[in-house]
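Quick notes on the structure that follows.
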Amino acid sequence: MGWLKNRFVYTFGGIALAILAWNVWVVLNDDGIIRGEVVSASGAPVEGATVKLTERTLLVARPRGETLTDADGRFTFTGHDLHHLFLEASKEGAGHAGPLEVRLYFKGENVNLHTPLRLDGTT
Amino acid sequence: MSRYPHWPIHLALSIASAAMLVPFYWVLKTSLTGENIFTFPPSLLPESPHIFYYVDVWYAIPFLRYLFNSIIVSVIVVVANVVLNAMAGYALTRDFPGKGATILLFLSCMMIPFQVTIIPAYLITSEMGLLNSYVGMALPLASTIVCIFVFKAAFEAIPKSLIDAARIDGVPDWMIVFRIILPLTKPAIATNVILSFIWSWNSFLWPLVIVRDAQMQTLPLGLARFLSVVEDTTGALYAFCVMVLVPGLIIFLLAQKEFITGLTSGATKG
């Protein structure tokens with residue numbers, strides 16, 4: 001086994017291990033779930049706001065879905081297969097928020113947005 | 001003990017090395033920031049670096065397919081170079097009629113640029129039915145004259161008595177080359193591997209001419225295609241450049257000791 005102890009085996013073996021670990025991580029976190037929150041200008045959760053999801057690639061931007069926030073102002077998208085997207089929120093009388101750019105490390109990565117979409121209060 | 005301090009030389013070499021590394025640093029920095037290269041004054045340190053341009057490239061093009069194609073072609077080229085150049089180099093260490101003329105022919109062929117012979121090379125490859133194939137892409141680089149001379153220089157450094165002893169024992173020439181001489185010339189093999197790998201990895205014009213199927217494109221062709229389709233993405237373009245460069249750099253850094261030894265073997269006698 002002495003012939004295995006050289007810098008070529010260490011380097012390419014290390015790269016192979018890193019790729020393996022990364023793929024395990026991807027498989028465990030690629031359900032395509034995006035969770036976030038919409039709040040008003042004063043910071044209160046907004047129910048019934050429309051959240052639009054837009055895909056962004058190097059060439060185009062295209063709408064990929066929309067959903068409504070629940071009583072806690074929370075929204076969820078499931079099953080997306082994007083890695084670069086924008087989120088926008090709006091509600092009649094409460095204003096507009098976004099677009100918020102979200103970049104992911106792989107397609108369909110689960111993400112919890114730590115920054116809420118804050119409606120600007122314009123009508 | 002030396003009469004003169006070493007630091008001025010080290011300082012000069014450090015500055016020269018840093019100057020050589022600046023372009024690599026700039027490519028890496030731009031791939032992490034997407035900063036416009038015409039920005040003035042340029043920022044020396046990356047501002048808000050991230051790796052998302054690499055993610056964009058990964059999903060924008062069939063990178064794995066290009067990588068696979070490049071690896072297949074490079075492996076064919078490297079294996080062919082080691083085998084064919086070793087045989088040619090060994091032949092040039094033996095005495096035979098017309099040896100001087102053969103060496104002169106080789107040296108003169110080194111002065112002909114590949115662009116001059118690309119049309120006959122294309123016609124020959126076409127006649128062989130190897131257009132749009134891995135072997136066709138590898139063929140012009142399957143044996144290179146520089147590497148033949150690297151092997152020749154390394155083989156000449158081996159004591160002739162060793163080869164004569166093998167001959168007396170009835171060992172055939174091919175076995176002398178592959179079982180006796182090659183194990184003693186690892187730096188020359190490393191030099192062949194590195195040079196042929198890098199030439200094959202960076203080869204652009206020949207694959208551009210003979211590849212017709214997008215699925216057969218190599219990384220340099222993919223880079224050109226990416227540039228033609230996506231014009232306004234500095235960060236992604238530089239990220240792609242880094243992804244093309246990295247495999248060659250890894251190979252070179254891993255084998256640089258043998259590479260330098262191989263290039264300088266035969267430079268001195270005695």
Determine whether the stretch A:65-75 contains at least one residue that is in contact (Cβ under 8 Å) with a residue 40 or more places away in the chain and not hydrophobic (A, V, I, L, M, F, W, C).
yes
Modelled with pLDDT of 90 or more, among the hydrophobic types (A, V, I, L, M, F, W, C), within 16 Å of B:Phe240 (Cβ to Cβ) and touching a strand residue (DSSP E or B) at 6+ places or on another chain (Cβ under 9 Å): is that true of B:Phe24 in this structure?
no
Quick check on B:Ser74: is it in contact with a helix residue (DSSP H, G or I) (Cβ under 9 Å, 6 or more places away or on another chain), crowded, with 17+ Cβ neighbours inside 10 Å, more than 14 Å from chain A (Cβ to nearest Cβ) and among the small types (Gly, Ala, Ser)?
yes
Out of (1) within 24 Å of B:Phe226 (Cα to Cα); (2) of a type outside the set (Lys, Arg); (3) surrounded by 13 or more Cβ atoms within 10 Å (Cβ to Cβ), the odd one out for A:Thr67 is which?
(1)
B:Pro42 vs. criteria surrounded by 11 or more Cβ atoms within 10 Å (Cβ to Cβ) and in contact with a Lys or Arg (Cβ under 6 Å, 6 or more places away or on another chain)
no
Here the residues within the stretch A:1-13 that are among the basic types (Lys, Arg) and either under 30 Å from A:Gly73 (Cα atoms) or away from every other protein chain (no Cβ under 14 Å) (or both) are A:Lys5
Mind listing whichever residues of the stretch B:180-224 are of a type in the set (Lys, Arg) and either at pLDDT 90 or above or assigned to a helix (DSSP H, G or I) (or both)?
B:Lys186
Within the group B:Gly100, B:Gly136, B:Gly129, B:Gly89, which residue is at pLDDT 90 or above and at positive phi?
B:Gly129
Test result for A:His84, touching a strand residue (DSSP E or B) at 6+ places or on another chain (Cβ under 8 Å) and over 20 Å from A:Asp120 (Cβ atoms):
yes
Return a yes/no flag: does the stretch B:128-139 have any residue that is within 14 Å of another protein chain (Cβ to nearest Cβ), surrounded by 17 or more Cβ atoms within 10 Å (Cβ to Cβ) and either under 30 Å from B:Thr234 (Cα atoms) or touching a Pro at 6+ places or on another chain (Cβ under 7 Å) (or both).
no
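The values are calculated or read from the model by the stated rules, or taken from the named source; none is laboratory data. Values in this document were obtained by computation on a predicted structure and should not be read as measured data. All Cβ positions, glycine included, derive from the backbone under ideal geometry; neighbour counts span all protein chains shown.
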